[in-house]
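Chemist: Quick one: the structure is below, questions incoming.
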Amino acid sequence: MVKDLLVRLSNAHGVSGSEESIGAIVKRELKGCVDEISEDRMGNVIAVRKGGRFRVMLAAHADEIGLMVKSIDEKGFIRFVALGGWYAPTLYNQRVILHGAKGRVVGVLGGKPPHKMDEEERKKGVKIDDMFIDVGACSRDEVTEMGISVGTPVTLDREVASLANGRITGKAFDNRVGVALLIRTMQQVKSPHTIYAVFTVQEEVGLKGAKTSAYTINPDCAIATDVTIPGDHPGIDLKDVPVEMGKGPIITIADASGRGLIASRPMVKWLADTAESEHIPVQFEVGSGGTTDATAIHLERGGIPSTTLSVASRYIHSPVEVVDTGDIENGVRLLVEALKTKPKI
Ligand SMILES: [Zn+2]
């Protein structure tokens, strides 16, 4: 079941630049199913299934958005920077885990109580710079004694819970969903090609691991796996975002209004044709918001034909992301079937 794997990946912690525990799960899952598994100098974990000369790169970013300790004041309150795209009100009053030198420390994100805000402050809303982490300490020395220092990575403290209909909610589904999809694909794929599955680092802070690994691997084509925002709940509209949860994985035609990726047409056709012949439900997206690792990959070397295969996730970049794991299962089926054939690039 992909659900159990996703639960383990989501409950694990790996903010940008500290993806080691996700890499460890990947290595454990893929040991014995691939011909080679290694880690490069950036920290990308690269699993290879050897085949013919045609080389396909699959990429899933292993990192999640989080925080990093910036300073500790004399009273023991911790200031931080945001790693990745946080909306400040999402962070306010959340519980966090600080990954210090002596192990995990629980903290809370505090700020000025709304009861004490004047009208102007309430209207402006809380800012990230107004918040701090409270670990219960009374002094800087006490915090230091806990193993926390400038640079300590911080993640949200939230475990996966089940909703109805096989849907689940948790943190870091962006992008443990893509990681789970790639792990299951590599466990099942039988392809005439050589397949590189790259579990990339530091996507949320600038698509960094994808860039360096695509340069090194120099593949013939690439598919990134990630999550995308569906238009199927209040506050958003299907005419703006015509993709829905539970209706199959999503093939990117373009994202970020074309400023991120304009996908290779033969790559899109390859996945679309596979879905049609194998009767796998899929959706297509022309997005105007964020982008994925495919943006960095397709600009490497002389240009690498690329697209993205996404899974709809509601409320992304929050600790209550929601996915339908059936979409991940269909994503695995699609990649496994597609990789038996070749794109016409
Ligand atoms: Zn992502």
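Chemist: Pick out the one residue from ALA62, ALA101 that is in contact with a helix residue (DSSP H, G or I) (Cβ under 8 Å, 6 or more places away or on another chain) and among the hydrophobic types (A, V, I, L, M, F, W, C).
Modeler: That would be ALA62, the only listed residue that is in contact with a helix residue (DSSP H, G or I) (Cβ under 8 Å, 6 or more places away or on another chain) and among the hydrophobic types (A, V, I, L, M, F, W, C).
Chemist: Please determine whether any residue of segment 183-194 is within 14 Å of the ligand (Cβ to nearest atom) and touching a residue at least 24 places away in the same chain (Cβ under 8 Å).
Modeler: No - not one qualifying residue is present in segment 183-194.
Chemist: Might you check whether a residue that is modelled with pLDDT under 95 and touching an Asp or Glu at 6+ places or on another chain (Cβ under 6 Å) occurs anywhere in segment 91-108?
Modeler: no
Chemist: If I filter segment 152-179 down to residues being within 13 Å of the ligand (Cβ to nearest atom) and not β-branched (Val, Ile, Thr), which single residue comes out as farthest from THR292 (Cα to Cα)?
Modeler: By that ranking, first place goes to LYS171.
Chemist: I'm trying to understand the selection: among the residues of segment 72-123, which are closer than 13 Å to ASP134 by Cβ, part of a strand (DSSP E or B) and in contact with a Ser or Thr (Cβ under 8 Å, 6 or more places away or on another chain)?
Modeler: ILE72, ILE78, ARG79, VAL96, LEU98
Chemist: Being among the hydroxyl-bearing types (Ser, Thr, Tyr) and out of contact with any strand residue (DSSP E or B) (no Cβ under 7 Å at 6 or more places or on another chain), is that true of even one residue in segment 227-242?
Modeler: Scanning segment 227-242, I find no residue that is among the hydroxyl-bearing types (Ser, Thr, Tyr) and out of contact with any strand residue (DSSP E or B) (no Cβ under 7 Å at 6 or more places or on another chain), so the answer is no.
Chemist: Collect the residues in segment 55-71 that are in a loop (DSSP other than H, G, I, E, B) and among the aliphatic types (A, V, I, L, M), keeping them in residue-number order.
Modeler: ALA62, ILE65
Chemist: Ok, one more. Please go through segment 314-345 and give me each residue that is part of a loop (DSSP other than H, G, I, E, B) and closer than 26 Å to PRO234 by Cα, ordered by number. Spell out how you get there, then give the answer.
Modeler: From segment 314-345, those part of a loop (DSSP other than H, G, I, E, B) are 315-320, 339-345; that's our starting set.
Across segment 314-345, the qualifying residues are TYR315, ILE316, HIS317, SER318, PRO319, VAL320.
Chemist: May I ask you to verify whether ILE223 is crowded, with 23+ Cβ neighbours inside 10 Å, at pLDDT 95 or above, among the β-branched types (Val, Ile, Thr) and more than 16 Å from the ligand (Cβ to nearest atom)?
Modeler: It is false that ILE223 is crowded, with 23+ Cβ neighbours inside 10 Å, at pLDDT 95 or above, among the β-branched types (Val, Ile, Thr) and more than 16 Å from the ligand (Cβ to nearest atom).
Chemist: Now for a separate question. Under the condition of being in a loop (DSSP other than H, G, I, E, B) and within 24 Å of PRO242 (Cα to Cα), which residue from segment 284-313 is farthest from the ligand (Cβ to nearest atom)?
Modeler: Once the filter is applied, the top-ranked residue is SER288.
Chemist: If a residue has to be among the hydrophobic types (A, V, I, L, M, F, W, C) and surrounded by fewer than 23 Cβ atoms within 10 Å (Cβ to Cβ) to count, how many in segment 184-220 make the cut? Please lay out each step first, then the result.
Modeler: Within segment 184-220, the first condition is being among the hydrophobic types (A, V, I, L, M, F, W, C), and the residues that meet it are 186, 189, 195, 197-199, 201, 205, 207, 210, 214, 217.
Narrowing the set further to residues that are surrounded by fewer than 23 Cβ atoms within 10 Å (Cβ to Cβ) leaves 205.
Result for segment 184-220: 1.
Chemist: Could you tell me whether any residue of segment 92-105 is out of contact with any Gly (no Cβ under 8 Å at 6 or more places or on another chain), closer than 23 Å to TYR315 by Cβ and touching a residue at least 60 places away in the same chain (Cβ under 8 Å)?
Modeler: Yes: one or more hits.
Chemist: While we're looking at this one, here's another question. Please state which of the following conditions GLU300 fails to meet, knowing it meets all the rest: (1) crowded, with 19+ Cβ neighbours inside 10 Å; (2) under 23 Å from VAL201 (Cα atoms); (3) in contact with a strand residue (DSSP E or B) (Cβ under 7 Å, 6 or more places away or on another chain).
Modeler: (3)
Chemist: Okay, moving on. Could you please give the count of residues in segment 226-241 that are more than 18 Å from MET267 (Cα to Cα), surrounded by 24 or more Cβ atoms within 10 Å (Cβ to Cβ) and within 14 Å of the ligand (Cβ to nearest atom)? Walk me through how you get there before you give the answer.
Modeler: In the first step, residues of segment 226-241 are kept if they are more than 18 Å from MET267 (Cα to Cα); the result is 227-241.
Filter once more, so that each one left must be surrounded by 24 or more Cβ atoms within 10 Å (Cβ to Cβ): 227-228, 230.
Among the residues that remain, those that are also within 14 Å of the ligand (Cβ to nearest atom) are: 227-228.
Summing the residues that are more than 18 Å from MET267 (Cα to Cα), surrounded by 24 or more Cβ atoms within 10 Å (Cβ to Cβ) and within 14 Å of the ligand (Cβ to nearest atom) in segment 226-241 gives 2.
Chemist: Among residues belonging to segment 242-270 that are without any contact (Cβ under 8 Å) to a residue 40 or more places away in the chain and within 16 Å of the ligand (Cβ to nearest atom), point out the one that is farthest from VAL322 (Cα to Cα).
Modeler: Checking each candidate, the answer is GLY260.
Chemist: Please go through (1) more than 19 Å from the chain's Cα centre (by Cα); (2) not in a strand (DSSP E or B) for ILE253 and return the number of the only condition it doesn't satisfy.
Modeler: Checking ILE253 against (1) more than 19 Å from the chain's Cα centre (by Cα); (2) not in a strand (DSSP E or B), the one that fails is (2).
The values are calculated or read from the model by the stated rules, or taken from the named source; none is laboratory data. Note that this is a predicted model, so its numbers are computed, not measured. For neighbour counting, all protein chains shown are included, and Cβ atoms are generated from backbone atoms with ideal geometry for every residue, glycine included.
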